Amino acid sequence: MLRRITFFKPYYCSGCCTRFKSTFSKDPVSNPDGSSLPDSEKAIHPFRVAVEEQGSIVKRLIKEATTSSEELDKAVIKLKNKKQLLEAKLQELSSLIPQVNKVKLDDLIKQRFYYDQSFSIYGGLYDFGPAGCAVKNHLLQDWRQFFVLTDGMLEVDCPVLTPEAPLRASGHVEKFTDYLISDSLTGESYRADHLIRQSLESLAKKKGKQSGEAKQALAGLGSLDGQGLQGLIDRFGITAPGTGNALTQPREFNLMFDTAAGADSRQQGGRHRLFLRPETAQGIFTNFRRLLDFNRGRLPMAVAQIGQSFRNEVQPRSGLLRLREFALAEIEHFYDPEDSRHPDFASVSELNLPLLSVEDQSAALTAPTWRQLGASVASGLVAHETLGYYLGRIFLFLTKRCGIDPRRLRFRQHPPCEMAHYAADCWDAECLLTDGCGRVDWIECVGCADRAAYDLSRHSEASGESLVAARTATGGTSRSFTPSVVEPSFGVGRLLSAILEHNYRQRPGRDEQRTCLSLPAWLAPYHCALLPMNGGSAEMRQLIRRLHRRLAVGENLAGLVDADSRGVSIGKRYARCDQLGVPFAVTVDYDSVAEVKAGALSELDSNLLSDWPADCRQPTVTLRERDSRQQVRVPIDRVPGLVKQLVEQRVTWSQVMDTEAVFQGQTGTKSNR
């Protein structure tokens, strides 16, 4: 998984109006009429088509020897005008993207202890609190179900400590680097691309020629090598912040933490040098032979691993977005390089994905184009079916399971100069996120790389062990080959940040100070809250115990139910549930107690899992839905099954509103209990 963060100005196509060639003609958009696209893309689609058609006209005129310069100039001007209309439409739609109050979101995360900084005077380390641990665990459980179990993958768990030899063979010792620069007098170090970006952003806000040049430089900053970074430092006169001193030349800095095994290992010439792994993949590659044997020699074969990884970031920052220790969930899919088809590709081929190709980026575009996945594979934009299959599955997981906003998601293709040392092709799933200064960035949350046969070939060469597979043809002839690999790599911390931000809400109108996390129900730290009115009487608490037992044991929701019987108002407890993202809340009120007494039940059944006595009236409770804040009144023993169905999406809230009694308010009070 790569580490780049790309500066973004929402849906702004800087510079594309000055380019003559069409940037849309090569890659097919899903349907000619724009159907089956998101609403935002449907609005843009006619403008894209107009640019594509006019671009084709310009290209044809350039090729025709009989074209006059006057005719070509008119066509080019027309193309520029159409691109300006497209750009204006993109700018208009960018205002529809929800704006996040990052200060309030961060306050909510700390207040409800989703996560907070460890050892607070140091950077790059974070503790997950109870709510954060719960959401993280639910996310990984769902990831395992969605990818590993559904596709019949193998799973391994390899050690964090890794010997030097495999990491030297994989190229990490030599090439796993970032560019570092330092103040030439004080020696304070900075990550080169971050410092240059800050300087260029300041210049871009000013008026004049340098402002436009800075904007153009920002667009290509992520793909520059050390020489290119030095060129920007010289061109714009960038100096050390605070001191104004000259900067040193960019130099490569290896991001791996190293250590040594044994008390005397450092005195023995580093023979026992170890590293904290920068990714989980190498443990899978070095176990390839045993995994293939376990899989009875069959390919394709997919192997998954979830675990901690470590990178010695120069400047850890922005919460969970850039850490020195973080969790990865990775898959290595091994396949025959001569047969890159995927048996389940048809299940995702009709999907429309927001793709930003290398060609789009060369035209300084940042907004993705929604393209049909099957057509993108057929055109060669996406290299092959196996890579396309995982792009489709990643898209479904992010949007359908994690609650990521499709308007704030894109798949960006890596240009050759940005490709990792092991990759043949790579697409990053990037989410639009906000930093503490209110700046909006595209942040890579999932990388999907075709690593070809790089890793197995390097390990085979270094170890002398044959890491190959064999396939027997119809005629009985056998062929040996080194498998290629497609690797989806999920940054768990970054994905959690995206989930929290994309599902953050502020109540409209008078309640705008009230904040809410509109998390998918299965991701929420608790699926249901149980709330007795104003602390609750003995009868209320007994009803709460009955509900808790039937939810935890009867519906297998143990640990997913939160009972809050504090004496504070019910409104404050609802507000706490909303901030935690709890999707449903059950309230036992005075009417519930009155109904128990009306049923002449002198003592509640001690067996909390038994059915309510048939000869006694069953009390009702209110069931509240978080996002709409609507409530219905439901018999107490129907609540657990109904909550389970809602969480599992077997019924919708609108169906519940149609079938259950809408709650209009209590008839009973504390005084007439």
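The values are calculated or read from the model by the stated rules, or taken from the named source; none is laboratory data. Given the structure is predicted, the values throughout are model-derived calculations rather than measurements. As a convention, Cβ positions derive from the backbone with ideal geometry for all residues, glycine included, and neighbour counts pool all protein chains shown.
A few points about this structure:
- None of Arg324, Arg317, Arg401, Arg311 is closer than 25 Å to Leu456 by Cα, in the same structural domain as Thr472 (by TED's automatic domain parsing) and either touching a His at 6+ places or on another chain (Cβ under 6 Å) or of a type in the set (D, E, K, R) (or both) except Arg311.
- In the set (1) at pLDDT below 90; (2) more than 24 Å from Asp435 (Cα to Cα), Ser182 fails one condition alone, (1).
- Pair list, Cβ < 8 Å and 6+ apart or interchain, from the stretch 316-339 residues that are touching a residue at least 24 places away in the same chain (Cβ under 8 Å) and under 19 Å from Phe288 (Cβ atoms) to residues that are in a strand (DSSP E or B) and of a type in the set (Asp, Glu): Glu330/Glu487; Ile331/Glu487; Glu332/Glu487; His333/Glu487
- Residue selected from the stretch 469-497 under the condition modelled with pLDDT under 90 and polar (S, T, N, Q), by the criterion nearest to the chain's Cα centre (by Cα): Thr472
- Qualifying residue in the stretch 294-306 (condition: among the small types (Gly, Ala, Ser), over 30 Å from Asp127 (Cα atoms) and crowded, with 19+ Cβ neighbours inside 10 Å): yes
- Residue among Leu274, Leu292 that is touching a residue at least 60 places away in the same chain (Cβ under 8 Å), more than 25 Å from Thr150 (Cβ to Cβ), out of contact with any Lys or Arg (no Cβ under 6 Å at 6 or more places or on another chain) and not hydroxyl-bearing (Ser, Thr, Tyr): Leu274
- From the list Tyr126, Tyr114, Tyr179, the lone residue that is hydroxyl-bearing (Ser, Thr, Tyr) and in contact with a Ser or Thr (Cβ under 7 Å, 6 or more places away or on another chain) is Tyr126.
- Scanning the stretch 218-253 for residues that are of a type in the set (Val, Ile, Thr) and surrounded by 15 or more Cβ atoms within 10 Å (Cβ to Cβ), we see that the one that is farthest from Ser202 (Cα to Cα) is Thr248.
- For the stretch 521-556, a tally of residues being within 24 Å of Ala134 (Cα to Cα) and in contact with a Pro (Cβ under 8 Å, 6 or more places away or on another chain) returns 11.
- Tally of residues being out of contact with any helix residue (DSSP H, G or I) (no Cβ under 9 Å at 6 or more places or on another chain) and part of a strand (DSSP E or B) across the stretch 614-633: 1
- Among residues of the stretch 656-673 that are farther than 13 Å from Val621 by Cβ, those with a Cβ under 7 angstrom from a residue that is in a loop (DSSP other than H, G, I, E, B) and modelled with pLDDT of 90 or more, sequence gap 6+ or separate chain, pair up as Met657/Gln630.
- Condition check for Arg197: assigned to a helix (DSSP H, G or I), touching a residue at least 60 places away in the same chain (Cβ under 8 Å) and within 29 Å of the chain's Cα centre (by Cα): yes
- Taken together, the residues in the stretch 73-97 that are assigned to a helix (DSSP H, G or I), among the small types (Gly, Ala, Ser) and at pLDDT below 75 amount to 2.
- Among the residues here, Ala43 does not qualify as modelled with pLDDT of 60 or more and either in a loop (DSSP other than H, G, I, E, B) or in contact with a His (Cβ under 6 Å, 6 or more places away or on another chain) (or both).
- Among the residues of the stretch 416-436, the ones that are modelled with pLDDT under 90 and either among the aliphatic types (A, V, I, L, M) or under 21 Å from the mean Cα position of the chain (by Cα) (or both) come to 9 in all.
- Qualifying residues in the stretch 634-645 (those that are touching a residue at least 40 places away in the same chain (Cβ under 8 Å) and surrounded by fewer than 20 Cβ atoms within 10 Å (Cβ to Cβ)) - the one farthest from the chain's Cα centre (by Cα): Asp637
- Within the stretch 152-194, the residues that satisfy the criterion of being part of a helix (DSSP H, G or I), of a type in the set (A, V, I, L, M) and closer than 26 Å to Asn295 by Cα are Leu167, Ala169.
- Hits in the stretch 475-521 (condition: within 27 Å of Leu387 (Cβ to Cβ) and among the β-branched types (Val, Ile, Thr)): Thr482, Val485, Val486, Val492, Ile499
- Check on Leu580, farther than 22 Å from Leu140 by Cα, in contact (Cβ under 8 Å) with a residue 40 or more places away in the chain, aliphatic (A, V, I, L, M) and not assigned by TED's automatic domain parsing to the domain that holds Ile404: no
- Hey, Leu229 modelled with pLDDT of 90 or more, outside any loop (DSSP other than H, G, I, E, B), touching a strand residue (DSSP E or B) at 6+ places or on another chain (Cβ under 7 Å) and not assigned by TED's automatic domain parsing to the domain that holds His414 or not: yes
- Qualifying strands (runs of 3 or more DSSP E) (wholly inside the stretch 440-548; at least 2 residues being buried (at least 24 other Cβ atoms within 10 Å of the Cβ) and not assigned by TED's automatic domain parsing to the domain that holds Phe334): 528-532
- Options Val148, Val100, Val135: the member that is at pLDDT 95 or above, touching an Asp or Glu at 6+ places or on another chain (Cβ under 8 Å) and surrounded by 19 or more Cβ atoms within 10 Å (Cβ to Cβ): Val148
- Candidates Ser602, Ser610, Ser565, Ser606: the one that is over 20 Å from Leu646 (Cβ atoms), surrounded by fewer than 18 Cβ atoms within 10 Å (Cβ to Cβ), modelled with pLDDT under 90 and touching a strand residue (DSSP E or B) at 6+ places or on another chain (Cβ under 6 Å) is Ser565.
- Output for the stretch 549-562, where each listed residue is in contact with a strand residue (DSSP E or B) (Cβ under 6 Å, 6 or more places away or on another chain) and either touching a residue at least 40 places away in the same chain (Cβ under 8 Å) or of a type in the set (Lys, Arg) (or both): Leu551
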